[in-house]
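Enquirer: Following this message is one structure expressed as structure tokens.
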Amino acid sequence: MTEPSTDATAFRGVMPALVTPMRSDGEINWDALLDQTEWVLTHGVHGVVPCGTTGESATLSADEQRAVIERVVQIVGGRVPVVAGAGGNDTRRVAELAAAAAEAGADGILSVTPYYNRPSIEGLVEHYRAVAEAADRPVILYNVPSRTGRDMTPDEVFRIAEAVPGVVGIKEASGKIDRFSTLLAERPSDFLVFSGDDELAFPAMAMGAEGVISVVANEAPGPMSDMADGLREGRLDDARAIHLRLLAVMRANFVTTNPVPVKTALQLMGRAPAFFRLPLTPLQVGDPALVTLRTALEEAGLIETVTLASR
């Protein structure tokens, strides 16, 4: 296989896992997608990731995924890298999604571990080989065992990277801080490590991780970008203060299934109504999860007065 055509060294810092705004009828809200993408860009993010789990990729058709990626690429206009989600548990379909993402202009591919199938390491190697060959773009593995039922160990991660030249890094979301220690201590020099947990982004980057593929950067793109820049520039106290300020929001974003809280937060911030496709449903007024989310946003200074937008 040939080496991928895109240089992955530009992948770094804070890359929001973009939400996919929707209308009340469940169709994609293209105006809100433009607004949200432009908003995070103007607040200094270092890349964007459309059509990941936070983007509700599981309920987007293949045509919708390509259209979202294509639109985000157009909005970004080369200002930062676009790493597009292309995941699933059917290798043939995932390879097709990856190829379509590349054709739509994505600079890289984020591909989650096949869920439910729980493949062997041999299956993982061949799965990611198919994805990398189809895309001809750098592929970032995505390990999130709480959602997939399959935890890739560091040994397995490095075996995949050695066997598949197109695999350049990992988004690690096991929730284990010691996992970052192992990945960073044992990785090849050109292998990229990103936190997939906002709460662990600060310690992971302090240890040398390249960045975070972030949920909270939808709500606080400026502070998260400042945190990453502070760590890179050696301003540890500044970065730590931002981390601690946003910690409650990071946790509230997972008080119920992602992306329900983050899209609700954006509604509370006056950015876009929180609409979803089934089986996800909106938080209701009086729900304790909504109270937790609202309080966290207020304490972080992201909202002042809360008025739920009419549904």
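Values quoted throughout were computed directly from the atomic coordinates according to the rules given, and no laboratory measurement underlies them. These numbers come from a predicted model, not from an experiment. Glycine gets a Cβ as well: all are built from the backbone with ideal geometry, and neighbour counts include every protein chain shown.
Enquirer: How much net charge surrounds SER195 when only other residues with a Cβ under 15 Å from its Cβ are counted (Lys, Arg +1; Asp, Glu -1)?
Expert: On the way: positive: ARG12, LYS171, LYS176, ARG179, ARG187, ARG232, ARG251; negative: GLU172, ASP178, ASP197, ASP198, GLU199, GLU210.
Around SER195, the charge tally is +1.
Enquirer: Also: Just to be sure I understand: with springs between alpha-carbon atoms less than 10 Å apart, which residue in ASP226, ASP63, ASP136 has the highest mean-square fluctuation in the Gaussian network model of the chain?
Expert: Judging by the Gaussian network model, the answer is ASP63.
Enquirer: Also: For region 218-257, what is the Kirkwood estimate of the hydrodynamic radius, computed as the reciprocal of the mean inverse distance between distinct Cα atoms, to one decimal in Å? Before the final figure, lay out each step's value.
Expert: Working: mean 1/r = 0.0948 Å⁻¹.
After inverting the pairwise mean of 1/r, the radius is 10.6 Å.
Enquirer: Residue by residue, what Karplus-based ³J(HN,Hα) values in Hz, rounded to whole numbers, does region 159-164 have, using 6.51, -1.76 and 1.60 with θ = phi - 60° and x for Gly and Pro?
Expert: Couplings: 5, 5, 4, 5, 7, 10 Hz.
Enquirer: Where does the chain land at 222 nm, in deg cm²/dmol rounded to the nearest 500, when only DSSP H runs of n ≥ 4 count, each adding -39500 (n - 2.57), divided by all residues?
Expert: Working: 12 runs with 140 residues, N = 311.
Value at 222 nm, helices only: -14000 deg cm²/dmol.
Enquirer: Could I ask something else about it? Quick check: Cα centre of region 63-127 to Cα centre of region 234-283, how many Å?
Expert: So the separation of the two Cα centres works out to 24 Å.
Enquirer: Under a no-solvent Debye model with one identical scatterer per Cα of the chain, what's log10 I(q)/I(0) at q = 0.14 Å⁻¹?
Expert: Once normalised to I(0) and log-transformed, intensities are -1.03.
Enquirer: What does the net charge come to around GLY208 if you take all other residues with beta carbon closer than 11 Å to its beta carbon, with K and R at +1 and D and E at -1? Provide the component values of the computation, followed by the final result.
Expert: Details: positive: ARG187, ARG232; negative: GLU210.
That sum, taken over residues with Cβ under 11 Å, equals +1.
Enquirer: What share of the DSSP beta bridges in region 8-246 is antiparallel, in percent to the nearest 5?
Expert: On the way: 1 of 25 bridges.
In region 8-246, approximately 5 percent of DSSP beta bridges are antiparallel ones.
Enquirer: Additional query: All other residues with a Cβ under 12 Å from the Cβ of PRO154 taken together, and with Lys, Arg as +1 and Asp, Glu as -1, what is their net charge? Walk me through the intermediate numbers first.
Expert: Numbers: positive: ARG159, LYS176, ARG179, ARG187; negative: ASP151, ASP155, GLU156, GLU172, ASP178, GLU186.
Net charge in that neighbourhood comes out at -2.
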